[in-house]
Amino acid sequence: MNPHAAPPVTDDIKPTTKLDMTADVSLQLLEQATDGVVIINERNEVVFFNPAAEKLWGFTEDEVIGRNVSCLVPSVYRADHDSYIYKNRKTGVNRIVGTSREVTFENKAGDYISGEMSISTALLGPEKKRYYMAFMKGVTEESHRRKLLDLQNTVFQAISNDMQVEDVADLVCREVESFVPNTVSAIILLDENNRLSILSGPGLPRRYAAALENMVLTEGDLAALGNDLSEANSIVWDSYRSLGISLGLHNCWASAIKSRNGRISGIFALYSRNQYKLSDWPQKIVTGCVPFCSVVIENYEAQQHISQLANHDSLTGFLNRTAIHTVIKSMIDRPGDNEFAVFMIDVDRFRDINDTLGHQNGDAFLKAIAERLKGMSRSNYILSRSGGDEFVIVMPDSDEEKAVAFAESLIKAMQEPIEIAGNLLVVSLGIGISIFPENGPDGESLLGHAEIAMRRCKKEARGGYCVSSTADNRAAQDRLLLGSALRESLAQGLLNLHYQPQIDVRNNTLYGVEALSRWNHPTLGNIYPSRFIAVAEETGQIEAIGTWSLERAVQQILEWDAHGIYVPTVAVNLSAGHFRNRNLPGFIARLLSDSKLEPHRLTVEITESVMMTENEDTNMVLQAIRNLGVALSMDDFGTGYSSLSRLTRLPLTEIKIDRSFIMNLEHDANAQAVTTAVIGIGGRLGMTVVTEGVETVRQLDLLCQLGCDVVQGYLFARPMTPQKLEEWIREDRLQAVLQKALEERTAIGA
Ligand code: C2E
Ligand code: CA
Ligand code: CA
């Protein structure tokens, strides 16, 4: 028997009948209302049920008149419904005129349906008695869709407003739970090893969460998910159904989350505590949330990668350059008598090994060396790789004597050859040692002295060690001399700018050029910026170089214009220190107005160190420069302290992925993951993504596949004098390069 059927009419109780409409105009109007109208008497029995209500609930008028109104609400609420109404009548809650709220009701088929309900009272019928009535507007597909869209917008906003990704995930879960009463939801991650972990599941019972955590999916599971995302249900529910039920969960909807590169990156699951069959709305929510869950996960993964990269070297797992500075600083700051040694270790002839045996073997070689260094070190030593073949070890509680003993043991340990690709390689190290506090008050000078000692030792004898000495202090003095030479050259106009083309690979045209400083000293010869920019920074000349290169670059682009050579934009490198100067935006504004150059033809490149020292002034200066209409580019992205959230906060127009990632792109999954993530995020934030250091066709193709916008590198051209660049453009050498690349591809394909 249908449990919802009307009770049999008996003669001894006067049945409740429908309100008599003949004498009441307002009832006749309600009959025709487009909203469902349900009127009940003081015993909560239905006395009026208009055609719109019939359509919403699927009951006919005859089926509900005289029955308790609880037959219209979800079965889980039925038992308490009378007392709920009683309370509301007494307090007047839910009867504030004009307010409506969203409620769930249950239709004849037993499905849950959402509606917007408002309640009021009226004097009706021939006796003008007070009746309660509910107006119910069915919630349409459209309003469901709007809810999901609202949630999506909230999520994107939260991400760009710098909210922690974990918190964004929690927000998604909480919101979704509010969409369907009595549910809990979870965003579950799937890592590279196919292991599940919970990114967010604030309402999920702990034991259930624990059961899901660390579950490893089989290849079969993955294949099934690949074919049908909703197969996720069987993974996060079927295997744990009885546990779920024992914890009060009775139903589950789930869908796998696919990242943009097609990988399954997680599962979104919604569990219900109701035992009853629900509408298909929960399934629609789950499916609707999957796209932005994918964005949430992508951001999470990128954040993980970048924080790992910010402190660790992906090849050896040692700390990286940035992190070692922090560590040394904290050791110096440690109270008490505190002596320690810093070792700068360079592998002799690493370049040759890399060149002859190839990049992959070069990496394997470095890894083997790293393992030996680790094997020789005590657990409290701090190990780092600061650059290609350069390692730094910090040895706590060490004086010169102990340090020398350790250096000797390292050299001895390296005598055993390392086998790489069938070759037995003997490792020879150059080790420079500096001691705190003798050799300097801070990390900069300790590392600097260790490096100078290491260079001396490599010059004097391969395979040895040197302790920082007065001779090295002389080297430091040389730097000062270089500083004064630089000052002189700058004054005499002996510095000049070279320009390197940047190619827009979306349409194979010139995107712009980067201006790079060159210093040709009459007696010292060509000095590269990697050397003199540091000197300029140490000797307080970096701002002078910055303003000079801005002026020079702007002049240059105007000269090209005059020659009928169109260079869309010129990018100038500015150092972090320069951004602390509040006059910088004013200087640029004047430069632009004096030269009448359109602002978008100038790009300013900043490095992550600008963000490291982020303060109010820096932010203001950046914003003011951007407000001029000048483009702002984040250079060397991925090498420093970048957090994605900072990226979104700065008014950037462009991100340049650091050369080190491109170098490793073909072999290093980590470099690929970061590149992919940065390209994705840059695209979403509306920034142009530039990659530099592109040297091979293979790298170019990979980057194009990943959706990179602009590339720069030796493959296209080295930095050139203005005249050479002019020729390069006139002779359309870009097309020549593209043609050659095409031939190379065909040759490989053939
Ligand atoms: P950067 O801004 O990252 O510049 C790119 C560097 O990569 C340039 O080195 C460029 O010559 C080099 N490069 C470009 N394509 C390739 C390639 O395919 N392969 C390889 N191996 N290298 C490539 P450069 O000119 O020696 O400049 C080194 C750094 O010095 C620059 O790095 C920049 O940080 C700094 N610098 C250069 N000029 C200036 C300047 O005027 N002001 C400031 N503050 N810094 C400058
Ligand atoms: Ca640059
Ligand atoms: Ca760069």
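A short reminder: the numbers here are calculations on the coordinates, not readings from a lab. Remember, predicted model here, so these are calculated numbers, not experimental data. Cβ coordinates were reconstructed from backbone atoms using ideal geometry, including for glycine residues, and neighbour counts include every protein chain displayed.
Listed values, structure above:
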| quantity | calculated |
| --- | --- |
| Loop-located GluC sites (Glu not before Pro) in segment 669-726, at most 16 other Cβ atoms within 10 Å (DSSP) | 695 |
| Relative contact order for segment 143-311, counting Cα pairs under 8 Å that sit 6 or more residues apart, in percent | 22 |
| Cα shape, segment 286-379, gyration tensor, a/c 1.5 rule | oblate |
| For the chain, cysteines whose Cβ has no other cysteine Cβ within reach (under 4.7 Å) | 71, 173, 252, 289, 293, 704, 708 |
| The chain - charge dipole about Cα centre, Lys and Arg +1 at Cβ, Asp and Glu -1, debye rounded to 20 | 1000 |
| Relative counts (whole %) of C-alpha pair distances in the chain, using bins that are 20 Å wide | 13, 34, 28, 15, 8, 1, 0 |
| Once the Cα gyration tensor of segment 488-647 is diagonalised, semi-axes √(5λ) in Å | 22, 22, 17 |
| Candidates per GluC sites (Glu not before Pro) in segment 203-287, loop by DSSP, up to 16 other Cβ within 10 Å | 213 |
| Relative contact order [Cα under 8 Å, 6+ residues apart], the chain, whole percent | 7 |
| For peptides 335-341, 680-686, sequence by mean Cβ density within 10 Å, most packed first | 680-686, 335-341 |
| Filter on 367/458; 374/402; 108/147; 147/284; 596/656 - keep pairs with C-alpha separation over 19 Å | 367/458; 108/147; 596/656 |
| Burial ranking of peptide ranges 246-257, 368-379 (average Cβ count within 10 Å, highest at the top) | 246-257, 368-379 |
| Distance between modelled label sites at residue 534 and residue 397, nm, 7 Å Cα→Cβ extension | 3.3 |
| Fraction of alpha-carbon pairs over 29 Å apart in segment 143-311 - percent | 14 |
| Of 107, 330, 521, farthest towards positive along the dipole that unit charges on Lys, Arg, Asp, Glu beta carbons give the chain | 107 |
| Segment 554-594 versus segment 434-465: alpha-carbon centroid distance in Å | 40 |
| Pairs of alpha carbons in segment 321-472 whose separation is greater than 29 Å (percent) | 15 |
| Label-point gap, in nm, between residue 195 and residue 167 - each point 7 angstrom along Cα→Cβ | 2.8 |
| Measure of compaction for segment 465-579 (Cα Rg per 2.2 N^0.38 Å) | 1.31 |
| Fraction of antiparallel bridges per DSSP, the chain only, in percent to nearest 5 | 75 |
| In segment 211-263, trypsin sites (Lys or Arg not before Pro) in a DSSP loop with at most 16 other beta-carbon atoms within 10 Å | 260, 263 |
| Distant alpha-carbon pairs in segment 698-750 (separation over 19 angstrom), percent | 37 |
| Overall form of segment 25-139 per C-alpha gyration tensor (a/c, 1.5; a/b vs b/c) | rounded |
